[in-house]
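Okay, so here's the structure we're looking at.
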Amino acid sequence: MTSQPVLQMKPISESDEMRKAFEALSSDVMPQSPEILERTAIASLLLDGRLPAEVEIRREIFQAPSMRALFEAMEALNRTDGKYDPSQLAEFLRVHNELDLVGGMAGISDLYQYGIRSELIPSLKKLDDLYQKKKLWRLAQKVIQASLNGVGSREIMEEMRDEMDNIQSS
């Protein structure tokens, strides 16, 4: 008697199925969505007026272009002055033609509704975890696609090891 496989794999398209599956994987993220989590972290950094010395923050964790632009501006100002404020951020972004990307001064001001200082470190940890999960999700997709395209198991395992090493070292 031939047993049926427990899992039936079918190709996953880069569409709603993937997004829904990824959201299910990251359902433990607080608050509800990655976008809000990024805003919370940026707003907390804005309230502090400086980047915390005790935590290394990688810019890759900010996926939204507007949040990454704000973080990069904070990094640059923090290196120069050791601190920053909304006016300095707005001017820095204006000079670098990115002020419209963040919604202008109003976009920067709106961030204050998301900021809670006590949530900075947990938000950053969750963002980093989410970033790592995205990498793992992409690796899983590559493995599935490779297996569906007839790539041998040894080749897939080598690729997985290399990718896992990259994920762990980042």
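The values are calculated or read from the model by the stated rules, or taken from the named source; none is laboratory data. These numbers were taken from a predicted model, which means no experiment stands behind them. With ideal geometry, Cβ positions are generated from the backbone for all residues, glycine too; neighbour counts draw on all protein chains shown. For the accessible areas, the whole protein counts, side chains as well, though only heavy atoms, and no ligand, DNA or RNA atoms are used. Shrake-Rupley method; radii C 1.70, N 1.55, O 1.52, S 1.80 Å.
What a 1.4 Å probe finds exposed on the range 30-170 is 50% carbon and sulfur by accessible area, rounded to a whole percent.
Going by accessible surface with a 1.4 Å probe and the largest first, R161, R79, R59 read R79, R161, R59. Across the range 63-80, coupling constants 3J(HN,Hα) worked out from phi with the 6.51/-1.76/1.60 Karplus curve, θ = phi - 60°, read 8, 6, x, 5, 6, 5, 4, 5, 5, 5, 5, 4, 4, 4, 5, 5, 5, 6 Hz, and Gly and Pro carry x. Farthest towards the positive end of the charge dipole of the range 63-132, among the residues V102, A73, L120, is the Cα of L120, using unit charges on the Cβ of Lys, Arg, Asp and Glu.
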